[in-house]
1. Working only within the stretch 40-53, note down all residues that are surrounded by 16 or more Cβ atoms within 10 Å (Cβ to Cβ) and either modelled with pLDDT under 60 or in contact with a Pro (Cβ under 9 Å, 6 or more places away or on another chain) (or both).
2. Do you know which residues across the stretch 1-12 are within 7 Å of the ligand (Cβ to nearest atom) and buried (at least 16 other Cβ atoms within 10 Å of the Cβ)?
3. Out of Ser15, Ser37, Ser65, report the one residue that is of a type in the set (Gly, Ala, Ser), at pLDDT 90 or above and either more than 15 Å from Arg161 (Cα to Cα) or within 16 Å of the ligand (Cβ to nearest atom) (or both).
4. Taking Gly121 as meeting all but one of (1) in contact (Cβ under 8 Å) with a residue 12 or more places away in the chain; (2) outside any helix (DSSP H, G or I); (3) out of contact with any Lys or Arg (no Cβ under 7 Å at 6 or more places or on another chain), write down the number of the exception.
5. Considering only the stretch 67-89, how many residues are under 19 Å from the mean Cα position of the chain (by Cα) and in contact (Cβ under 8 Å) with a residue 24 or more places away in the chain?
6. Out of all the residues in the stretch 74-97, which are buried (at least 16 other Cβ atoms within 10 Å of the Cβ) and touching a His at 6+ places or on another chain (Cβ under 8 Å)?
7. Restricting the search to the stretch 180-220, which residues are in contact with a strand residue (DSSP E or B) (Cβ under 7 Å, 6 or more places away or on another chain), assigned to a strand (DSSP E or B) and more than 16 Å from Glu145 (Cα to Cα)?
Amino acid sequence: MKCSLCLQEKKLIKSHIIPEFCFKHLYDQGHKYHNLSTSMDENNFTRQKGIWERLLCLECDQYLSRFETYAAKIIDEDIYRRFFCSENPITLSGIDYPKFKIFQLSLLWRASISKNQFYSGIRLGPHEDKIREMILHENPGKPHEYGCHMQGIIEKSKVVREFILKPDTIRIDGYKACRFILCGCLWGFVVSSRSQFFKGCDLFLNESGHLVLPWEIAKKTNLLSGLALELSNAGKLIY
Ligand SMILES: [Zn+2]
């Protein structure tokens with residue numbers, strides 16, 4: 001079968017869409033996590049492992065895992081530690097721009113190529129193949145090209161890491177924006193061929209390795225409070 005990244009005919013292996021390290025805080029003691037849905041047609045259920053599909057060859061999967069390993073380290077060692085300092089936003093520096101940006105791109109791209117219903121809210125259209133080429137050639141592009149605005153989510157002096165939201169697509173100031181919540185952060189990608197004019201470009205990771213990261217209390221986050229209300233209305237909130 002054809003590998004979705006290198007497009008060569010190869011044996012495909014089981015690949016995660018959202019990397020497994022993002023799920024590690026979700027598992028309960030039985031190594032299961034809860035999948036909540038606001039849809040009346042879909043029941044809540046538990047899963048043993050993150051969602052996977054046969055999308056990539058072994059070489060491409062290993063290639064992407066380099067960026068995942070780096071991102072996991074930045075999230076664990078830099079982002080989580082800094083959230084509780086007095087500043088808001090925090091500014092991280094010294095991030096390897098190509099490595100972290102390629103990780104961000106791979107998250108967005110994998111969700112778009114996935115056939116799993118969980119990722120049906122992310123469809124990149126003509127941008128999908130442009131991002132595939134960027135990832136394949138280790139080209140992170142300019143900061144505004146598929147730039148990602150990250151925002152930390154805090155509750156009761158803890159990062160809200162036990163939560164992954166079904167990603168979706170909205171419009172912000174007329175721009176297409178794809179949203180994920182994972183690893184205690186909202187990740188909002190601006191997907192547009194005129195993204196250089198987007199007002200929030202200074203919040204994207206830049207080529208000098210600076211990342212401005214605001215954080216917010218979960219209850220005050222419109223997205224999360226709206227979701228809690230929808231789950232409650234659907235009778236599916238787990239207490
Ligand atoms: Zn491949």
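The values are calculated or read from the model by the stated rules, or taken from the named source; none is laboratory data. Predicted model only: the values in this text are computed from it and were never measured. No Cβ is skipped: glycine too gets one built from the backbone with ideal geometry, and neighbour counts run over all protein chains shown.
1. So the first thing to find is which residues in the stretch 40-53 are surrounded by 16 or more Cβ atoms within 10 Å (Cβ to Cβ), and the list is 50-51, 53.
Scanning the stretch 40-53 gives a single hit, Gly50.
2. Cys3, Leu5
3. On the way: Ser15 fails: at pLDDT 90 or above; Ser37 fails: at pLDDT 90 or above.
After applying the criteria, what remains is Ser65.
4. (3)
5. Of all residues in the stretch 67-89, those under 19 Å from the mean Cα position of the chain (by Cα) come to 67-80, 83.
Keeping just the survivors that are in contact (Cβ under 8 Å) with a residue 24 or more places away in the chain gives 67-68, 70-72, 74-75, 79-80, 83.
Residues flagged as under 19 Å from the mean Cα position of the chain (by Cα) and in contact (Cβ under 8 Å) with a residue 24 or more places away in the chain within the stretch 67-89 amount to 10.
6. Leu92, Ile95
7. Phe180, Ile181, Cys185, Leu186, Val212, Leu213, Trp215, Glu216, Ile217
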